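Chemist: So that we are looking at the same thing, I have put the structure below in structure tokens.
Derivation of every value follows stated rules applied to the coordinates shown; laboratory data play no part. This one's a predicted model, so the numbers in the text were calculated from it and none came from an experiment. In this analysis, Cβ positions are derived from the backbone assuming ideal geometry, glycine residues included, and neighbour counts consider all displayed protein chains.
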2 protein chains.
Amino acid sequence: MLPRLFIDRIRVKENVERVFHNPLFSNIEFRPHFKTHQSLETGRIFRQLGIDKITVSSLKMAEFFAADGWEDILIAIPMNPSDSIRYSKLAEKIDLHVLVDSTEAAEMALRNIHNSVTFHIKCDCGYGRAGISVEKKDRFSEIIALFAQYTNHDFGGLVSHFGDTYHADKEGIIEVNRKGTEDLRNLKTYLETMHALPCAISIGDTPSLNYYTEEILHEIDELRPGNFVYYDLMQYMAGHCKATDIAVALEAPILSLYPERNEVLVHAGAVHLSKEYCTMPDGQNGFGIAVQLNENGLGDVIENAFLYRLSQEHGILRVSPDFFKSFKPGDSIGILPVHSCLMVAAQTQII
Amino acid sequence: MLPRLFIDRIRVKENVERVFHNPLFSNIEFRPHFKTHQSLETGRIFRQLGIDKITVSSLKMAEFFAADGWEDILIAIPMNPSDSIRYSKLAEKIDLHVLVDSTEAAEMALRNIHNSVTFHIKCDCGYGRAGISVEKKDRFSEIIALFAQYTNHDFGGLVSHFGDTYHADKEGIIEVNRKGTEDLRNLKTYLETMHALPCAISIGDTPSLNYYTEEILHEIDELRPGNFVYYDLMQYMAGHCKATDIAVALEAPILSLYPERNEVLVHAGAVHLSKEYCTMPDGQNGFGIAVQLNENGLGDVIENAFLYRLSQEHGILRVSPDFFKSFKPGDSIGILPVHSCLMVAAQTQII
């Protein structure tokens, strides 16, 4: 067999239900980010739980899910105004939401996309990746003012991603959310007063899921977490999930065993897992942890079996001597990923 | 447009000819590694130069090139003995070469692969990734002894990869090759005497290409470099090629410009480039360098424009103020990759 994704559907359902059935979120709209799983089958688990609005990370991924009947999709990266025809075509059949963060791109898109699209402004609350800084109120106003000229399109509101939470502790996550939502709320009030247009607020990420409070949720309209469907070692090592919540692994063939150096060669390379690394439980950097694969799902984590070396197709597991009693060349083993989104992206290949 | 590979065919041809026309290599057989390009079109440039034997990094990639008429293929990763039927099927139509590094896997494969295959033993000369340590002569002997029982298969010889050269300086590269080929030569002499079988030696990597000597080449039969067809920033920063030898880039849409922070958002993420990083000319770690794309090929490197931040789909270029005079949202730009093999793998998706 070739390396392939192994998805634990029971854990997926538990992860998703744990969030959607949490009474804290009963007044919040969810628009989960589907870039983590990029899977029609996993998508349908969300649909069964009543989700009908989703987030994706590229136009191509939006087309992929639209083809499976998803009719309300936000593409959460500033849109490419030179692709207007392709956005327009997609907007013919679904409620398409796009992001802009410059007047120039907004103007090109408003002019060239002929079917109705909902525009949101990407707002930077300090992460410094994409978006207009929340402090530059005039630039938000300038974009919103354009909508008066293009009445076939809608204005949605402010979309922000508090990516700092991925490398923050509990207090940091709470503070990033407190400060970010306060800034968004002030901007919203300003813009609604100036333009007499409703301006929704959309945020959301997996690290924050355990730390949202009623006060924060009161300020916003929509949450867009994605990773929580599968979780991964990054989330586990940061304390945001249990190891037994991780719902996806790479099923990797064991190619060779080297007992003299307590190492095992697995067919699990950078092309399958990505080169994302994090600190393993032994304090070293690594690319994955070995896990048992059972017939119905993921089994126990194998003790002291870390993927510490990764080439294009080769992975080297450092294991304890017991490992050699249980496995031989040609067997398969699971590898829990450092970053499930990137591992899944490598396999599903919607790029 | 979506991010896509941009290949400079003129540079490809120059890179390949520079090696194959070098008189130093006139007595050496080349079996270039095709994992770098995974491209039928680039493969044909090799074919026009007389190459008829190739190396690949997976069974699937072997099937891919076999379908384009390549009839002599080495899969340069220890084979998975549980896939014997699939190897056997491929061996029906081509000269298939596989690697083993344990008696157990060799025995399973020899028994279960019914069409004739040439087996090579993967030999570890100190890199410590895959292979039997060159010092364990008895273990090589044990595998070769098996061939007496399975006369439908052939024994090829010793295959090694001196991966240490990727992180060594000139002296280190020369020493790794001197010591490695000496050890392989001794092992070959021992095995040929013991088993009265010819035992070829195959090595080869791109960093060593500039440093092979007649003495080293005299010891070996075959070279398997791969990366030199495209090169990349890793090879350039290590001094193994010129920046103008790099023959592949990601053609990436510019999504947004942030002059206030001298940054630019490009649609070029980890899913397109991989998360491989190296030191940029400014001393910081980065994921790529911006380059002009001309109609006929790659143009000038853009000064001080480094991709220093990478998410799943977002890339952040740090640029100098001049950048903003030349580009607007919706334009495209080239990104020279840190590791061309992984960028290409992300796009071609033969996994």
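Chemist: What size of dipole, in debye to the nearest 20, comes out for the stretch A:89-156 about its Cα centre when the only charges are +1 on Lys and Arg C-beta atoms and -1 on Asp and Glu C-beta atoms?
Modeler: Numbers: 8 positive and 10 negative charges, 26 e Å.
Roughly 120 debye, rounded to the nearest 20.
Chemist: Send over the Kirkwood Rh of the stretch A:31-229, from the inverse of the averaged 1/r over different Cα pairs, rounded to one decimal Å.
Modeler: Values: mean 1/r = 0.0585 Å⁻¹.
The answer is 17.1 Å.
Chemist: When DSSP beta bridges are limited to those with both residues in the protein assembly as shown, what percentage is antiparallel, rounded to the nearest 5? It would help to have the intermediate numbers written out before the result.
Modeler: Details: 62 of 116 bridges.
Rounded to the nearest five, the antiparallel share is 55 percent.
Chemist: Quick check: Cα centre of the stretch A:1-35 to Cα centre of the stretch A:117-191, how many Å?
Modeler: What the calculation gives is 26 Å, centre to centre.
Chemist: Which three semi-axes in whole Å describe the equivalent ellipsoid of the stretch B:14-73, each the square root of 5 times a Cα gyration tensor eigenvalue, listed largest first?
Modeler: Working: eigenvalues 87, 26, 19 Å².
They are 21, 11, 10 Å, listed largest first.
Chemist: What is the distance in Å between the Cα centres of the stretch B:279-332 and the stretch A:79-96?
Modeler: A separation of 27 Å, based on Cα centres.
Chemist: Sticking with this structure for a sec: Excluding residues fewer than 8 places away in the same chain, name every one of the aspartates and glutamates whose C-alpha is closer than 14 Å to that of residue B:136.
Modeler: A:260, B:101, B:124, B:183
Chemist: Let me ask something else. Structure shown: which of A:13/A:35; B:60/B:137; A:122/A:275; B:60/B:275; A:35/A:122 lie over 26 Å apart, alpha-carbon to alpha-carbon?
Modeler: Pairs exceeding 26 Å: B:60/B:137; A:122/A:275.
Chemist: Report the gain in length on full extension from residue A:52 to residue A:147: 0.36 nm times residue separation, minus Cα-Cα distance, nm rounded to one decimal.
Modeler: On the way: separation 95, 0.36 × 95 = 34.20 nm, distance 2.65 nm.
Stretched out fully, the residue A:52 to residue A:147 stretch lengthens by 31.5 nm.
Chemist: Give me Rg over Rh for the protein assembly as shown, both radii from the alpha carbons and Rh done the Kirkwood way, two decimal places.
Modeler: Numbers: Rg = 26.9 Å, Rh = 26.9 Å.
Here Rg/Rh amounts to 1.00.
Chemist: Now for a different question. Under a Cβ-only charge scheme (Lys and Arg +1, Asp and Glu -1), can you give me the dipole magnitude of chain A about the Cα centre, in debye to the nearest 20?
Modeler: Details: 33 positive and 47 negative charges, 125 e Å.
Dipole of chain A, to the nearest 20 debye: 600 debye.
Chemist: Taking the Cα centre as origin and putting +1 on Lys and Arg beta-carbons and -1 on Asp and Glu beta-carbons, what dipole magnitude results for the protein assembly as shown, to the nearest 20 debye?
Modeler: That gives the protein assembly as shown a dipole magnitude of about 600 debye.
Chemist: At 222 nm, what helix-only mean residue ellipticity would chain A give, in deg cm²/dmol to the nearest 500, using -39500 (n - 2.57) for each DSSP H run of four or more?
Modeler: Details: 12 runs with 111 residues, N = 351.
So the calculated ellipticity at 222 nm is -9000 deg cm²/dmol.
Chemist: Looking only at A:178, A:261, A:139, which one moves most when chain A is put into a Gaussian network model with springs between Cα atoms under 10 Å?
Modeler: Among A:178, A:261, A:139, the largest mean-square fluctuation in the Gaussian network model of chain A belongs to A:261.
Chemist: Right, here's the next one. How big is the Rg/Rh ratio for the stretch B:243-348, C-alpha atoms only, Rh by Kirkwood, two decimals?
Modeler: Details: Rg = 12.4 Å, Rh = 13.5 Å.
A ratio of 0.92.
Chemist: How big is chain B by Rg and Dmax over its Cα atoms, in Å?
Modeler: 21.9, 73
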